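Have a look at the structure below, then the notes.
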Amino acid sequence: MKKRLIFDAHLDLAMNAIEWNRDLTQPLQEIREREMNMGDKKDRGKGTVCLPSLRQGKIGLVVATQLARFRPRGSSLPGWNSPQQAWAMTQAQLTWYREMEKINQMVQISNLSSLEQHIEMWEDDAISDADKPVGYILNLEGADSLVDLSYLETACSYGLKAIGLSHFGPGRYAPGTRMEGPLTPQGIALIRAMNELVNTPQQLILDVTHLTDRGFIQALDLYQGPVWASHHNVRALVPTQRQLTDEQIKILIDRGAVIGAMFDCWALDIRFITEVSDPWQLNVRLEQIVDHWDHICQIAGNSEHIGFGTDLDGIFGTEQSPHDLDSIADLQKFEKILHHRGYKDVDIDNIFSGNFLRFIRRVWK
Ligand SMILES: [Zn+2]
């Protein structure tokens, strides 16, 4: 059967390449083998993402991150000790994407014509998927690394298209996951600067993932441009602050947003945090993603606001992913899962890539 094109709205590819020292041009098996005797990170030898697997799963277009946190004095979270170091890390990550472009493994997508050309190539069956570069749209996950607002202009000049203000813990622009409270004065200034770019070619998508509840409302009140939630599940199903409330989902739908479903086990089954961190014992399966999609579809009254934002290899591997996923190529299993759950072809097209592509076409036109 012909595979459908898949869009994944959240992958930390460069972080894996630079901080995990993974050569993502290699097959998954080889990347895992090289990590067999390493114990520095819990997901060593358990990665699920590489460029050959992306191609194999026809995941031809992704939103790829730059990600480097600042760690204030006294914080126990990992991060860089100065904004300048964080910026330098994001620039190393950018350099890796550029190197992937030089060897035709990846291609940056930052405007409508490059998008249409890329989609046409991926839909062309005369070329083998194995020979196609994976397209990437650049996203900054957490803005800590922007030393000051002048760095936003630099980031736009190299094709940054989306930005999230926060990540985990305290942030220079906004507090993030596991925190409470409002945007910082710098965060408010950053959104004002982003407002200046609305309806220009540099217009940015505001990514609300990782904001606090207060930050979410504040950011959406202030920002006049397009918003999405790149990797975000439903709080009614898994009650943690990291997930979206029904009220937040409604607000996002009203703003025309698309919400990407994330695959981290604790975002699918709360018992992964409260009882046992084992996808096998808890029987965490890919199909549980559909429960989150269903919930959002019921609120929206259609299937037009959901997609993939898997976050696979986002500081976790198979030990923290649904147990019926071995590599990101397994996203194609959703064709069958969704049919089984009563989704029609048009809905599956929407979820696999249609909704995010429609959103981006609207924003970039
Ligand atoms: Zn994240």
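The values are calculated or read from the model by the stated rules, or taken from the named source; none is laboratory data. None of these values were measured; they are calculated from a predicted model. A quick note on method: Cβ atoms are made from the backbone with ideal geometry, for glycine too, and the neighbour counts reach across all protein chains shown. Each accessible area value is taken on the protein alone, full model and side chains, heavy atoms only, with ligands, DNA and RNA left out. Shrake-Rupley method; radii C 1.70, N 1.55, O 1.52, S 1.80 Å.
Rg/Rh for segment 96-243 stands at 1.03; both radii use Cα atoms, and Rh follows the Kirkwood definition.
With contributions of -39500 (n - 2.57) from each DSSP H run of at least four residues, the per-residue ellipticity at 222 nm computed over the chain stands at -10000 deg cm²/dmol.
How much net charge surrounds Q332 when only other residues with a Cβ under 10 Å from its Cβ are counted (Lys, Arg +1; Asp, Glu -1)?
Working: positive: K3, R4, K58, K333, K336; negative: D330, E335.
Combined, the nearby Lys, Arg, Asp and Glu give +3.
Legend: translational diffusion of segment 207-365 by Stokes-Einstein, Rh = Kirkwood radius over C-alpha pairs, 25 °C, 0.890 mPa s; D = 153 µm²/s.
Give the longest segment of the chain that steers clear of chymotrypsin sites (Phe, Trp or Tyr not before Pro) in DSSP loops with at most 15 neighbouring Cβ atoms within 10 Å, not counting the sites themselves. Walk me through the intermediate numbers first.
Numbers: sites that count: Y158, W280.
By the stated rule (loop sites, at most 15 other Cβ atoms within 10 Å), 1-157.
Candidate cross-link partners of K333 among the lysines, defined by an alpha-carbon separation under 16 Å and a same-chain spacing of 8 or more, comprise K2, K3, K58, K344. L112 sits among other residues whose Cβ lies under 13 Å from its own Cβ, and their net charge, with Lys and Arg +1 and Asp and Glu -1, is +3.
The solvent-accessible area of T212, taken with every protein chain present and a 1.4 Å probe, is close to 0 Å². If you look at the Cα atoms of segment 35-132, you get an Rg and a Dmax of 17.5, 57 Å.
Orientation-averaged projection of the chain equals 17.0 nm² [convex hull of Cα atoms, one quarter of hull surface area]. Of the solvent-accessible surface of segment 1-141, computed with a 1.4 Å probe and all protein chains present, 50% belongs to carbon and sulfur. Could you give the longest part of the chain that holds none of the GluC sites (Glu not before Pro) found in DSSP loops with at most 12 neighbouring Cβ atoms within 10 Å? By the stated rule (loop sites, at most 12 other Cβ atoms within 10 Å), 1-179.
Report note on the peptides 294-300, 102-108: ranked by the mean count of other C-beta atoms within 10 Å, highest first, their order is 294-300, 102-108.
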